[in-house]
Amino acid sequence: MSGYSQISEMDRREAGTSTSAPLFKSKRYHPYFTPREIAFLSDKQRGKLSYNLEEKTRREACNLIEVIGSRLGFPHRTIGTAQSLFHRFHLFFPMKDFAYWDVAHACLYVSTKVHDTLKKPRDIIVASYHVRFPEEAEKARAKGGEMEINPKNLDIDKLRLVAVERLVLETICFNFKVHTPHSYVIKAGRALGASKELTKLAYKLAIDSHRTVSPLEHPPHIIALASLYLAALLTAFPEHGGVSVIQETEWSKPASTSNGYENRNGRQAPAEPPRRTARDIGEELGQEGRWCRQFGARVFDLQEVAHRLLDLLSSQPAQAIHSLSTSPQTPLTPTSPSPNQPSPIPHGPAPSTTAFTPAHLTRLKIFLREREAAMGPPPIRPQISQEDPSTDYTVGPGAVNILSGNADRNAATEVWNHGREAPSVRFFFD
């Protein structure tokens, strides 16, 4: 991982032969990590926290981001990017040093800049108050007014957002080029001849993939193909006597493949790919074939993403995540309206008609493991390097004061001044 924190030759020349710390550093953005690297960085930043507590915090943060984003009308790409930014942030900064809602606010704010769906920090924080403290919001709504928020608390939360925003930007090396898997699901679904219902289920799985670290391990077209692969398995995997769990229908299409029309180049319009069943698509994507060259993917990559999604579904069988229902529910009421100790953000129970039971998901995981064993050991992905990138990321004194509650009106200025006084950092990305 030396690409993150290596000193360039130019930096060495400019720093001279002094034994003091170099004046210049360089950090290179790497969009993807191997599972081994993510496990190493997660273990380090987790510290003394248990794995279950870490996963619970991640789920609550992703739920909070999603409910705030839905409340503000953000598209799926903005919400998903914010969730991935949260996961990336805690590969470099310890989870115990930050309140998850502060990081969630900052990640959502950065994501709005990335996707040009801008909202003011105040809008995000106010929406968060309504989500975290619905009882207070309901009381205000019953009185026909707005929820009362202490201006001092609101100013403190805005300062925290600014402090964490700078750290989030450093973790992505100020690279605002982000791609999401949602459009790839539609294109790959059409290319594979998937039905409407199968593509819709795969789209929901692609949305849920941002709740996991899969978008930090694989590019969006891999996430899209893995979502289609898992959707096909969930649909066609033997359950309820071997009957498919959804009724597939074909996309609407013209009576004939060409209709006698020509495109702008005067050529005949290409024929629509034949529609195929979920079982056929699952069998094709489950083994090496022509599709690997067509989409630039491997079976083992799809298996990795599918297992993470199955773990997500299995860990929350009664939660209203996207692949089990259509939208999140209102979180439960906290016991205290204190903004410093918000309640977790659980979802309400999913509808009783959900077809994917825990037993179904467990049998499917066993099936995938058996298929992997028959295929042999997976290829080893090369690591970026052998160094630890997280050692190059620190929290400045201004941000420490803000996050510890000792901030004053000049705290935001101190955060950015620390960046000017610190050794220059040059960020690189492709």
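Observations on the structure shown:
Residues are listed down the side, and each one gets a yes or a no for (1) closer than 18 Å to Val110 by Cα; (2) polar (S, T, N, Q); (3) in contact with a Phe, Trp or Tyr (Cβ under 8 Å, 6 or more places away or on another chain):
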| position | (1), (2), (3) |
| --- | --- |
| Ile172 | yes, no, yes |
| Asn175 | yes, yes, yes |
| Ser183 | no, yes, no |
| Ala188 | no, no, yes |
| Leu192 | no, no, yes |
| Glu197 | no, no, no |
| His210 | yes, no, no |
| Pro219 | no, no, yes |
| Leu225 | no, no, yes |
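- Within this structure, Leu108 fails the test of being open to solvent by less than 10 Å² (accessible area, probe 1.4 Å), over 19 Å from Thr180 (Cα atoms) and either in contact with a Cys (Cβ under 9 Å, 6 or more places away or on another chain) or in a helix (DSSP H, G or I) (or both).
- Pair list, Cβ under 7 Å, 6 or more apart: the range 347-373 residue in a loop (DSSP other than H, G, I, E, B) and surrounded by 12 or more Cβ atoms within 10 Å (Cβ to Cβ), other residue modelled with pLDDT of 80 or more and not basic (Lys, Arg): His347/Asn63; Phe356/Leu234; Phe356/Leu313
- Within the range 177-196, the set of residues being open to solvent by less than 60 Å² (accessible area, probe 1.4 Å) and over 20 Å from the mean Cα position of the chain (by Cα) comprises Ala188, Gly189, Ala191, Leu192, Gly193, Ala194, Ser195.
- Listing of helices (runs of 4 or more DSSP H) fully contained in the range 137-243 that carry 3 or more residues being hydroxyl-bearing (Ser, Thr, Tyr): 220-236
- Among (1) within 25 Å of Arg298 (Cβ to Cβ); (2) open to solvent by 10 Å² or more (accessible area, probe 1.4 Å); (3) of a type outside the set (A, V, I, L, M, F, W, C) - the single one Thr199 does not satisfy: (2)
- Of the helices (runs of 4 or more DSSP H) lying entirely inside the range 1-87, those containing at least 1 residues that are modelled with pLDDT under 95 and closer than 18 Å to His218 by Cα span 35-46.
The values are calculated or read from the model by the stated rules, or taken from the named source; none is laboratory data. Since this is a predicted model, take the numbers as computed values, not measurements. Glycine gets a Cβ as well: all are built from the backbone with ideal geometry, and neighbour counts include every protein chain shown. We work out accessible area using only protein heavy atoms, side chains counted, and drop any ligands, DNA or RNA first. Shrake-Rupley method; radii C 1.70, N 1.55, O 1.52, S 1.80 Å.
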